[in-house]
There are 2 protein chains.
Amino acid sequence: MECTSLWRTTAHQKLLALAQHPYDLTAPGALLADDRLARYRCSSAMLRLHYATQRVDDRVLDALQELADELALVEQFRKMRRGAVMNRIVGQESENRQVLHTACRDLFHAEPAAPAATAQAREQLARLQTFLADLGSGRLDNGRGESFTTLINIGIGGSDLGPRSILEALRSDMLPDRQVHCIANVDPDDAARVLGGVHLPTTLVSIVSKSGTTLETLTNEELVRAALVRAGLEPSRHCIAVTGANSPMDDPERYLACFHMYDSIGGRFSSSSMVGMVMLAFALGYERAVAFLRGAATVDREAEGADIRGNLPLLLALIGIWNHNYLGYPTLAVLPYSQALHRFPAHLQQCDMESNGKSCDRLGHPVAGPTGPVLWGEPGTNGQHAFYQLLHQGTEIVPVEFIGFHHSQYGVDLEVQGSTSQQKLLANLYAQMVALATGQQSANPNRVFPGNRPSSLLLGRQLTPEVMGALLAVYEAKIVFQGFAWNINSFDQEGVQLGKRLASRFLAAMAGSPSGVDSLTETFLTKMAESP
Amino acid sequence: MECTSLWRTTAHQKLLALAQHPYDLTAPGALLADDRLARYRCSSAMLRLHYATQRVDDRVLDALQELADELALVEQFRKMRRGAVMNRIVGQESENRQVLHTACRDLFHAEPAAPAATAQAREQLARLQTFLADLGSGRLDNGRGESFTTLINIGIGGSDLGPRSILEALRSDMLPDRQVHCIANVDPDDAARVLGGVHLPTTLVSIVSKSGTTLETLTNEELVRAALVRAGLEPSRHCIAVTGANSPMDDPERYLACFHMYDSIGGRFSSSSMVGMVMLAFALGYERAVAFLRGAATVDREAEGADIRGNLPLLLALIGIWNHNYLGYPTLAVLPYSQALHRFPAHLQQCDMESNGKSCDRLGHPVAGPTGPVLWGEPGTNGQHAFYQLLHQGTEIVPVEFIGFHHSQYGVDLEVQGSTSQQKLLANLYAQMVALATGQQSANPNRVFPGNRPSSLLLGRQLTPEVMGALLAVYEAKIVFQGFAWNINSFDQEGVQLGKRLASRFLAAMAGSPSGVDSLTETFLTKMAESP
């Protein structure tokens, strides 16, 4: 399959022309025209995308469909799911790997798309299930007859943000006797704070690193192992490893158990592999963690539909491209109206920006226009009392992806001033969509809202484990589709290497390296050290 | 004083010309030239700004000095601190208020800049000190002879993000027997989660709302009062209010104590008023909370210096303007290399974007160019394993403000592979500054780093309460200086009103309003309700 980029398509020219006159959401009746609120919805099994408040019309959607077809976006996704080597740069040294995070959850269908990878995933899941059953039955305890009640997850980036944000989202589903904490930062205060708040004798420590060599993670592992020893405990009875088979960490002598991840799964896409599942299944119980996988698997199959109006992640991807490449908006805000999702934007920030923050295409050429946007976000309604001022009246226009649910998780609510909190939450969410779109005229220039600020809404019934899986898979597929459209490799991260190399140089200098230090490093350290 | 905007200055034309050829950080030896690393530092009492990795040279700094002088930025700041009515739009209905958050901490000098406002602040602080002493001595207990050990803060936006991020930053300084939780979101799950984890009989609840009418906050107050009643407790013995004098919440019948805030202090600038101090002094003890104020007060005075090379917040503001208005970068990342500051970017996001996300200037005219940028950030090193890929190799260029400290807070550290965690943290921080600036050439196009991505570093010795106060005041002053330069009113928030009004309309419709519902609201609700 010869891939090209959106800038070389026929549809690109059409979209450039259409972007000269995008749909005017501020015109009287604009949101009600052509049954727009009903027609600009896209349903999947557990989520619905409402996009009538985007600056699109049927001509734009038709052109985006053409773009998707010309670029073979769905065909590429199908090949990815079936094991094509998508993680590469043609003609250059590159990772040259399959991309099979979807195989980890392709468990609910008689014929998985990538049978070998799914068989590996099943094997790891079976081992996890046995391990958890042994914890539950007491067959596996701390050697003093006490059960493990607490898990500390040590990982960073892909081994932290995804699982942590999902766990935060599903805290209402946690087993009552389980606690989970996370250590990510090499800042020693991160570990100190967590260690100060746990009972070590009943604590498991899961160390997560695909390579088994991530410096931050190994350092935090040593900090925690030292704390275990100080507490008179034997670390190998408390530590488990999630790592690549045969990595330096794949060592049953040092770990109570070792679960495996594979080269075909990148860190930022690893939440549904053992990286996420060890933590989630410990916290939620095995069955609810599997429900999370089921939700993701459902979306993965839906994402193979050719019609963009019926393929939710593909449509979300294309609307994103419309806003970013054609209307010229450099950032994207993801704003969940759900406190449980408070860390989900941080995970998406990683997953999106590390995947698509690229300037070299899959053929080794410079890209011809903007690739991944800056993604950021915080939960509403909190954000309304913070940065929404800029969304409404600032000079930077920020497209918004709202996320919301009809029902709360805990169901504890109260009517105040005639409405429940959940009603207030949804009323605010809907109001923001309308306000951003329609704006407001006023004789007071400081009270003018220009409107035409695009947004869409991913709406679900309730944030359950299965819906969380669906939500994650929607965004993972969206990011992959956008990478295909820009013809970039969304699965490597060469951009992190230079910093690592320079950090080693600074560390060597700090440690008084005998082999000498270059003058920039030395001068830099000197000038920093003189600070107050 | 007749104020103008940067677009109307002579310096503006010079800066436009200079921006055609900004300093090339990728040239060989560029970081070492002209003793740049030593000369491009700006010291304040507790923090130093390192800005050699910005794309500035002496000509740019001279032009920025001219800009500051032409716009009378320091003179405006001095007038603000002395009680000028800075919160207004000339010729339009507007708030017409003084801006005196600096007066809350102007306690350490014989002649405060705004004596009346500082006297008010002193009075409230004295009341708080007595209240806390009564809690400590047991004079004020829960009526069952037990001390209050827990505080729940209920507030949103300015009554939440600032105090919460500061408390998170200073958790290592908390009194050992005190706990603090926060409820902000109208999402009922936010309150449910907090209430599930506290012992109500020994819990104080601080409700924070200047107007006494913030819907989210009142709703959460009712949820918590109902929980207190269910637990057999008398709410008026557990609830305290932080509110404007004579607001509906200023009611000793319903509250154990009422502390006051004033119209001259906007929500997002209220962390050093009673809004922040009640929570901080409960958590840290009164003395350490006062140390926080002392740090802020020191910076406020330093910010009156006329030389931009010696006025840290002013220089930070002007470099931000150089990057945003002249080099054209639409966002700003604030990246603390300190896990304790993990919520500080969220507070700055509020403080900056709500202040300066404006399109109407102080004369009621449309602004002539970009005002406040999109601000976002997460702590390093975590971010290095997440979105830094885009910072290094993406098509969107993001200026960065790093924050770091020489020493950790807890001092619990370990040498692993020849260096401590704190050394690794700083090495990574320095390495990122160099990598972003210098870039890297490579024969592999996927390993090319273009460089010339600007950053600076605010570096301190250790994050103590006093340094936290200084850090907050640096950013508050920076935001104010930028607003002056754009000639906008940084102290109102008209942009939040439309959403509020439309939310009321949606709520009325949900409650089956008898007065009829407009067709957009009705159709919108219908189409949303049909979701899965």
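The values are calculated or read from the model by the stated rules, or taken from the named source; none is laboratory data. Note that the structure is a prediction, hence the values are computed from the model and not measured. Backbone-built Cβ (ideal geometry, glycine too); neighbour counts: all protein chains shown. The area values use the complete protein model at the heavy-atom level, side chains included, leaving out ligands, DNA and RNA. Shrake-Rupley method; radii C 1.70, N 1.55, O 1.52, S 1.80 Å.
Plainly put, the tip 7 Å out from Cα toward Cβ on A:Gly305 is 6.2 nm from that tip on each other copy, the closest given first. In the context of the full protein assembly, A:Val517 retains an accessible surface of approximately 50 Å², using a probe radius of 1.4 Å and ignoring ligands and nucleic acids. A crude spin-label estimate for the pair A:Thr526 and A:Cys3, with each label 7 Å from Cα along the Cβ direction, gives 4.8 nm.
Checking the a/c ratio against 1.5 first, then a/b against b/c, what shape does the Cα gyration tensor give for region A:313-411?
prolate
Run the paramagnetic zone check for A:Ala226: 7 angstrom along Cα to Cβ, then residues of region B:383-411 with backbone nitrogen under 15 Å. Within reach of a label on A:Ala226, which here means backbone N under 15 Å from a point 7 Å along Cα→Cβ, region B:383-411 contributes B:408-411. A:Met468 sits among other residues whose Cβ lies under 15 Å from its own Cβ, and their net charge, with Lys and Arg +1 and Asp and Glu -1, is 0. Computed FRET efficiency, Cβ-Cβ of A:Ala17 and B:Gln441, R0 51 Å: what is it to the nearest 0.05? Computed FRET efficiency for A:Ala17 and B:Gln441: 0.85. Note on region A:228-253 and region B:61-80: Cα centroid distance 59 Å, given to the nearest whole angstrom. Helices in chain A, meaning DSSP H runs of at least 4 residues, each add -39500 (n - 2.57). Divided by all residues, the mean residue ellipticity at 222 nm is -12500 deg cm²/dmol. Tell me the net charge near A:Leu414. Cut-off is 10 Å between Cβ atoms, A:Leu414 excluded, with +1 for each Lys or Arg and -1 for each Asp or Glu. With Lys, Arg at +1 and Asp, Glu at -1, the neighbours total -2. Taking only alpha carbon atoms, chain B gives an Rg to Rh ratio of 0.99, where Rh is the Kirkwood radius.
Between copies, the label points at A:Asn96 (set 7 angstrom from Cα along Cα-to-Cβ) are spaced 7.5 nm, reported in nanometres from shortest to longest.
Remark: the B:Ala119-B:Asp307 segment gains 64.6 nm on full extension, using 0.36 nm per residue and subtracting the alpha carbon distance.
Would you please state the base-10 log of I(q)/I(0) at q = 0.24 1/Å for region A:54-123, with intensities from the Debye formula using one equal scatterer on every alpha carbon? Treating every Cα as an identical point scatterer, log10 I(q)/I(0) equals -0.97. Karplus-based coupling profile of region B:409-422, in residue order and whole Hz: 7, 7, x, 8, 8, 8, 7, 10, 6, x, 8, 7, 4, 4, with θ = phi - 60° in 6.51 cos²θ - 1.76 cosθ + 1.60 and x standing for Gly or Pro.
Label-point spacing at B:Asp251 relative to the other copies reads 6.5 nm, in ascending order, each point sitting 7 Å out from Cα along Cα→Cβ.
Here r is the Cβ-Cβ distance between B:Glu146 and B:Thr213 and R0 is 25 Å; the resulting FRET efficiency, rounded to 0.05, is 0.15.
Remark on A:Cys258: its backbone amide H falls under 5 Å from those of A:Ala241, a criterion applied only to residues 5 or more positions apart or on other chains, H modelled at 1.01 Å from N.
Each eigenvalue of the Cα gyration tensor of the protein assembly as shown, multiplied by 5 and square-rooted, gives one semi-axis; in descending order these are 39, 34, 33 Å.
Nearest chain A C-beta to the A/B rotation axis, reported as residue and distance in angstrom, is A:Trp376, 2.
State, to one decimal in nm², a quarter of the convex hull surface area for the C-alpha atoms of region B:213-302, i.e. the direction-averaged projected area. Hull-based average projected area comes out at 6.9 nm².
Bridgeable lysines around B:Lys500 (alpha carbons under 22 Å apart, same-chain partners fewer than 8 residues away excluded): A:Lys424, B:Lys210, B:Lys358, B:Lys527. The spread of Cα positions in region B:140-246, taken along each principal axis and listed from longest to shortest, comes to 34, 33, 31 Å.
For GluC sites (Glu not before Pro), the sites in region B:31-94 that DSSP calls loop and that have at most 14 other Cβ atoms within 10 Å are B:Glu93.
Under the simplified labelling scheme, the B:Asp177-B:Glu287 pair shows an inter-label distance of 1.7 nm, with each label point 7 Å from Cα along Cα→Cβ. Taking the 1.4 Å solvent-accessible surface of chain B as the whole, the part contributed by carbon and sulfur is 49%. Taken over region A:101-294, the convex hull of the Cα atoms encloses 108 Å³ per residue.
Keeping every protein chain in place, order A:His181, A:His238 by accessible area at 1.4 Å, biggest value first, i.e. largest first. Mind showing how you got there, number by number?
Working: A:His181 55, A:His238 5 Å².
Sorted descending by solvent-accessible area, the residues read A:His181, A:His238.
Under a model in which nothing but the beta-carbon of Lys, Arg (+1) and Asp, Glu (-1) is charged, chain B shows a dipole of about 420 debye around its Cα centre. The label-point distance for B:Ala27 and B:Ser43, in a model that sets each label 7 Å from Cα toward Cβ, rounds to 2.9 nm.
Taking chain B as the reference, fit the longest principal axis to its C-alpha atoms, fit the long axis of helix B:215-230 to the helix C-alpha atoms, and give the angle between the two in degrees, 0 to 90, nearest 10. Here the helix axis deviates by roughly 40 degrees.
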